[in-house]
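Worksheet: one structure, shown below.
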Amino acid sequence: MNEMLDYVKAMSDPNRLRIIGLLTQESATRKEIAERLNLSVKDSLTHLGFLEFVGAITQTDGVYALNKDKLATLAKEKLAD
């Protein structure tokens, strides 16, 4: 149940959806994401951390990428519940 609530919470925030939208186009660093979406670095880090926590994105060497397989799996599982 908590996993479902975390997923819904992650997908209900407009800034998190904007981050996901950006990452569907290309991978980016935290600084690039903050600049492109006009977010503070602190806010971007908070949102990126939560998206990473629910498995929607991954981070390698400071570069964030969309975890398309996990995101699709989460969406299917949560929508089916």
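Couple of notes before you dig in:
- Leading residue by the ranking (modelled with the lowest pLDDT) among those in region 12-45 that are hydrophobic (A, V, I, L, M, F, W, C) and open to solvent by 40 Å² or more (accessible area, probe 1.4 Å): VAL41
- Scanning region 23-67 for residues that are of a type outside the set (S, T, N, Q), in a helix (DSSP H, G or I) and free of Cβ contacts under 8 Å to residues at least 24 places away in the same chain yields LYS31, GLU32, ALA34, GLU35, ARG36, LEU37, VAL41, LYS42, LEU45, GLY49, GLU52.
- Verdict on LYS78 being surrounded by fewer than 19 Cβ atoms within 10 Å (Cβ to Cβ), at pLDDT below 95 and over 15 Å from THR29 (Cα atoms): yes
- Filter result (without any contact (Cβ under 8 Å) to a residue 24 or more places away in the chain and among the hydrophobic types (A, V, I, L, M, F, W, C)) within region 12-22: LEU17, LEU22
- All positions within region 1-22 that are assigned to a helix (DSSP H, G or I) and not aliphatic (A, V, I, L, M): ASN2, GLU3, ASP6, TYR7, LYS9, PRO14, ASN15, ARG16, ARG18, GLY21
The values are calculated or read from the model by the stated rules, or taken from the named source; none is laboratory data. If you're wondering where the values come from, they're calculated on a predicted model, not measured in any experiment. Glycine also receives a Cβ, built like all others from the backbone with ideal geometry; neighbour counts cover every protein chain displayed. The accessibility values were calculated without ligands, DNA or RNA, using every heavy atom of the protein model including side chains. Shrake-Rupley method; radii C 1.70, N 1.55, O 1.52, S 1.80 Å.
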